[in-house]
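Written out below as C-alpha cells is the structure these notes cover.
The values are calculated or read from the model by the stated rules, or taken from the named source; none is laboratory data. Here the structure is a predicted model, which is why all the values come from computation and not from measurement. No Cβ is skipped: glycine too gets one built from the backbone with ideal geometry, and neighbour counts run over all protein chains shown. Surface areas here come from the heavy atoms of the whole protein model, side chains and all, with no ligands, DNA or RNA. Shrake-Rupley method; radii C 1.70, N 1.55, O 1.52, S 1.80 Å.
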Amino acid sequence: MHERERHRIILSAVQEKSVVTVQDISELTEASEATIRRDIAALHVQGKIRRVRGGAEAVHPPQLGNLAGRPFRVSESVNIDKKRSIARAAVDLCDPGDAIIINGGTTTFQMVHFMAAHRMQVMTNSFAIAEHLVKHSKNTVTVPGGVIYREQSLILSPFDNDAIRNFYARRFFIGAQGVGPLGIMEADAQIIQSEQKLMHQADELVVMVDSSKFHRRSSLILCRLDRVSTIITDDGIPEESVRMIEDAGIKLVIASVAVSQSKEDSSSVA
C-alpha cells in the first residue's frame, strides 16, 4: 500500500476513534509496525495527529456515540480484491426473483457491483448498499427505519416494530469481525442486536469474510457456527480453519482472487 493511502487510513481512523494503536493500523494496512511508526511520526510533525506511546491520537477528538469497529471509509479499500471475489461468489448463489437480506459492511457492499442485471427483493440496513442499488440496478430495495450511523453507513433501530419483521428472505448475507471455534464475532453490541433481528427473517445465514478474519477475535459473539449455512472466503484461508468449517458441517465456498480478477478484466475488455 502506498504511503499516501496509509496516511489517509491513519487520519480517518483517529477521527473515528480518538486513540489508535500501531498494531491496529498495521493490521488494517497490512504494513509492518516499523512502517506505521514512521507514518505516525511524519503525521505528528505535520501537526495532523499526536504521537502517543504505542500509537496515535486525534488533535481534535471525535464526538461520542459512534459504533465500535472500523469506519466504512477506512475499511473499504482494505483487501479490496479479496472482498470483490467473495462478493462475486455470493451473488452467484442468488437466483432471479430471490428475496435476500444484505447486512451493512465493506465486504457485503461489493455485492452491488454484480447485481446490476438482477431483479431481486433486497432488504438492507446499509445506506451505501441501498443507495447504489437504487441508482444502478433494477432490484427492489427495502430499508428498515432507524438512525443512520454515518461512519459505518448503517441504519439501526432499537425498536421491534419496523420493516424487518415483515420481510422474509431466502438468504441473509453478512460480514464479520472474526470467525473462530466459538462462532461468528462482532465488535459492537448494537450491531449484533440488529443482525440477530435480521437473522430471524432468513432461512440461511451466509457469512462473507476474507481470510484475515480467521486470525481475528472479538469479545462479542453474534452466533454459534451451527447457525451458519455457508461461509465464503478467499483462497488464503488457513488449513486449520478449513477443517474447523468442515467439522461444523458448514458449506465452504473459496473464491479465487486471481480468477475473479481475470473475469473482471475480460468483462471490461468486452
Going residue by residue through the range 110-132, is there one that turns out to be on the phi > 0 side of the Ramachandran plot and open to solvent by 30 Å² or more (accessible area, probe 1.4 Å)?
no
For the range 37-52, does any single residue satisfy the condition of being closer than 25 Å to THR106 by Cα and open to solvent by 10 Å² or more (accessible area, probe 1.4 Å)?
no
Within the range 169-179, tally of residues that are among the small types (Gly, Ala, Ser), at pLDDT below 95 and either over 17 Å from LEU156 (Cα atoms) or not assigned by the TED database to the domain that holds SER229 (or both)
1
Within the range 141-195, work out how many residues are touching a Lys or Arg at 6+ places or on another chain (Cβ under 9 Å), over 21 Å from ALA13 (Cα atoms) and open to solvent by 40 Å² or more (accessible area, probe 1.4 Å).
3
Could you figure out which of (1) farther than 21 Å from THR106 by Cβ; (2) touching a residue at least 60 places away in the same chain (Cβ under 8 Å) isn't true of GLU239?
(2)
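What strands (runs of 3 or more DSSP E) lie completely within the range 1-102 and have 3 or more residues being at pLDDT 85 or above, out of contact with any strand residue (DSSP E or B) (no Cβ under 9 Å at 6 or more places or on another chain) and hydroxyl-bearing (Ser, Thr, Tyr)? Walk me through it before giving the result.
Details: elements: 19-21, 49-52, 55-58, 99-102.
Hits in the range 1-102: none.
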Show the residue pairs meeting these rules: Cβ distance below 7 Å; 6+ apart or different chains; first residue within the range 112-127 and modelled with pLDDT of 95 or more; second residue among the hydroxyl-bearing types (Ser, Thr, Tyr) and not in a strand (DSSP E or B).
MET115/SER137
